[in-house]
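K.L.:
Take this structure, written in structure tokens, and hold onto it; I'll ask about it next.
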């Protein structure tokens, strides 16, 4: 049984590799590397897989999952500049893939190990990534 | 190859465990346990996995799958009070997880065993569950 | 200039006219009149029309509009049974049309008269109503 | 007869009034005023109202409208920082309302005066504005 | 008070003016004029404006409106080739605009004159038209 | 890590098996076999699974994936009649299942073998298929 909670956050970012100069960044990342940042409405789906607790009929209480996501992810990234404001991306390019890994690692520490976690993150209506751990 | 048919139904329910008193139910289930029920537009996706029949180009005819879902699930639960009207939930708390298991078990009897089935059920725009059998 | 804020609430209801017996109610309202209630995820869009305040660049601060909707509408109707729990529908059939009028009247008292208000309420993916006052 | 074309663009911005200090900006605009910007997936609907050309069956060819929107709006604002990169917002707070007015004025110059124009702009799934001229 | 019912139908069409040769049609209509047709999932919203009937709490019963749309529009156009199968488009180019006018005229005969009607028709996720009569 | 790009195309088709006469085709495929074709807005999601390239933070650059889909799939099928214009379906019934297999095979030749591919194709809001190879 898998359950899913969806939340959203709005953030600015640019794709940028520090070891490369601006021309190389522009060549690889295109307009995603523009120096003054752009932004997205990120939509996050967190899937948790486990057995139903016969007492509650829940895998995990979706209210609890919601509060974990709001505290750990939305509070941290909403209305932020991922490159400038978030130490997680100080040395890590904030691609959708890397953001999903960062979110997965944060949530992994807050959700009991008996549950599997999958993080789906959509950056636009057309671009989406999914990470379920290594 | 997997195929999917989506249908919807509208129902009332409350989350409620008979062995617990009202205070305990409210503590665990919050406003989902309010005594006079609330309701949802449930959106159901039924995924069927199998091989393509070379005669038709179908795994299962989606018209057939549609009629099974309408007869077995929509007819049964649409515009009903899950707690009061549906014997399936007489002794089972109608959480999204438990509703998905009930639906999976009903459909399992109507769909040939050579096909795997997965049931996805969304309760709101933010809450969703998925069950693929044990 | 018009601005819009969208919020949702989940409620149970039945369509039912007290002056009519059950057979007449069933004839007119069909399965919407089933005695044990059903429910919906209501999606509410509140549109406010007026001029842009040159100080803020807002017609009305959407955060303020959000809080008015949460306090006055979501708090009042979410996870409720409209027929049993809400005095607004004690003598008023809770059709989408009547719910929209009730919401419009509540909001009209909280939003400055210099602004026009329109309330859009969707009951399902296929049914929607809109009310902009008389 | 009205026709509509929808396009999207992704941009960074902050709400900020130059005459106010940071504390005042934070008080009025909340987290929307954070200094390092955040961002959105803006969804733009451009409605054009007029009569059907009996030769083509079109009010305006939607391909033409699409190209005007891409050239004038998406090219200008996509993957930009509205505050830093766009002279339109050098002295204008980039609220959704003000962005809609700017877009309306740009399109007004490119679309024949015999047609009325309305611009709808959504900033998030919950916030939307509409401007149809003065 | 306005109410809305949404239904969908799937049809093939091509944009094509009989008085023009193929080269001229291709120049004006582009790939929409390809000779072997293409197709769309049309989504139709029918808005009906009038007063609430105090007996029912309805402007028009949405079940009734649904049946009129299914009988008159979906039955007529669903899984059809608009150019070849539908006499309405024998001498009329099946642009979204013209389809909306045809639908509006059909529905106008079935819905009481005391109600205003507006037809919204989307052809793709990006193209939409609206017609409310002359 | 999986990434996904979504694109759309509009095409006409009919379901039809050449070895069967019209009556048999109608019996099996219903209105999907009508002789003059109907059509759909197909929505395609292409999922690519692999490891994140530490240089870019990408599994595969979504811009690259977009261009492969546009060149290989949208260019090939958009505004076409699948039965008449597309040699892929000369002897293959263009069901959603078969279209997904054809797309998967085309993309498999363009995307490095170290990546797994899954193709999801929706034909309507209610019908969807998924193919991940044999």
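Each reported figure results from applying straightforward, stated rules to the coordinates on display, with no laboratory input. In this text, all values refer to a predicted model and were calculated from it rather than measured experimentally. Here the Cβ is made from the backbone with ideal geometry for all residues, glycine too, and neighbour counts use every protein chain on show.
K.L.:
Is the C-alpha gyration tensor of the protein assembly as shown telling us rounded, prolate or oblate? Criteria: a/c under 1.5 is rounded; beyond that, a/b larger than b/c is prolate, otherwise oblate.
P.N.:
On the way: a/c = 1.08, a/b = 1.00, b/c = 1.08.
Note, shape of the protein assembly as shown comes out rounded.
K.L.:
Of the peptides B:58-66, A:67-75, how do they stack up when ordered by the mean number of other Cβ atoms within 10 Å, highest first?
P.N.:
So the order, starting with the most tightly packed, is B:58-66, A:67-75.
K.L.:
Between copies, how far apart are the residue D:18 label points? List them in nm, one decimal, shortest first, with each point 7 Å from Cα toward Cβ, please?
P.N.:
From this label point to the equivalent ones elsewhere in the assembly: 3.3, 6.3, 6.3, 7.1, 7.1 nm.
K.L.:
Defining the label point at 7 Å along Cα→Cβ, can you sort the distances from residue A:114 to the same site in each other copy, shortest first, in nm?
P.N.:
So the label point of residue A:114 gives 3.9, 3.9, 6.0, 6.4, 7.3 nm to the other copies.
K.L.:
Given label points at 7 Å from Cα along Cα→Cβ, what nm distances, shortest first, separate residue C:72 from the same residue in every other copy?
P.N.:
Result for residue C:72, in nm, nearest copy first: 3.7, 3.7, 3.8, 4.8, 5.5.
K.L.:
By average Cβ neighbour count within 10 Å, what is the ranking of C:92-99, B:19-26 from highest down?
P.N.:
Result, highest mean first: C:92-99, B:19-26.
K.L.:
Averaged across the residues of F:92-100, what count of C-beta atoms belonging to other chains lies within 10 Å of each residue's C-beta? Can you show the working numbers first?
P.N.:
On the way: counts 2, 6, 1, 9, 7, 12, 6, 1, 4.
Partner-chain Cβ atoms within 10 Å, mean over residues of F:92-100: 5.
K.L.:
Sum -39500 (n - 2.57) across every DSSP H segment of at least 4 residues in chain C, then divide by the residue count to get the 222 nm mean residue ellipticity, nearest 500.
P.N.:
Result for chain C: -7500 deg cm²/dmol, rounded to the nearest 500.
K.L.:
A follow-up question, please. Go ahead and collect, in residue order, the members of region C:19-61 whose backbone nitrogen is under 17 Å from a label point 7 Å along the Cα-Cβ direction of residue D:20.
P.N.:
Once the point is set 7 Å along Cα→Cβ of residue D:20, C:52-61 turn out to lie under 17 Å by backbone N, inside region C:19-61.
K.L.:
Quick check on region C:88-131: take the gyration tensor over C-alpha atoms, sort the square-rooted eigenvalues as a ≥ b ≥ c, and tell me if it's rounded (a/c under 1.5), prolate or oblate.
P.N.:
Oblate is the answer for region C:88-131, as a/c is 1.5 or above yet b/c matches or exceeds a/b.
K.L.:
Roughly what would the spin-label model give for residue C:126 and residue F:53, points 7 Å off Cα along C-beta, in nm?
P.N.:
4.7
K.L.:
Let me ask you something else. Taking Cα centroids, how far is region A:51-97 from region C:83-134 in Å?
P.N.:
One Cα centre to the other: 35 Å.
K.L.:
Counting only other chains, what is the mean number of Cβ atoms within 10 angstrom of the Cβ of each residue in peptide F:51-61?
P.N.:
Counting other chains' Cβ atoms within 10 Å and averaging over F:51-61 gives 6.
K.L.:
Just the Cα atoms of region E:21-109: what Rg and Dmax do they give in Å?
P.N.:
So, for region E:21-109, Rg and Dmax equal 16.9, 59 Å respectively.
K.L.:
For Cα pairs less than 8 Å apart in space and 6+ apart in sequence, what is the mean separation divided by the residue count of chain C, i.e. the relative contact order in percent?
P.N.:
30
K.L.:
Please compute, for peptide D:80-88, the average count of beta-carbon atoms on other protein chains lying within 10 Å of each residue's beta-carbon.
P.N.:
3
K.L.:
Nearest-to-axis residue of chain A, judged by Cβ, for the A-to-D rotation, with distance in whole Å?
P.N.:
Nearest residue, distance rounded to whole Å: A:39, 0.
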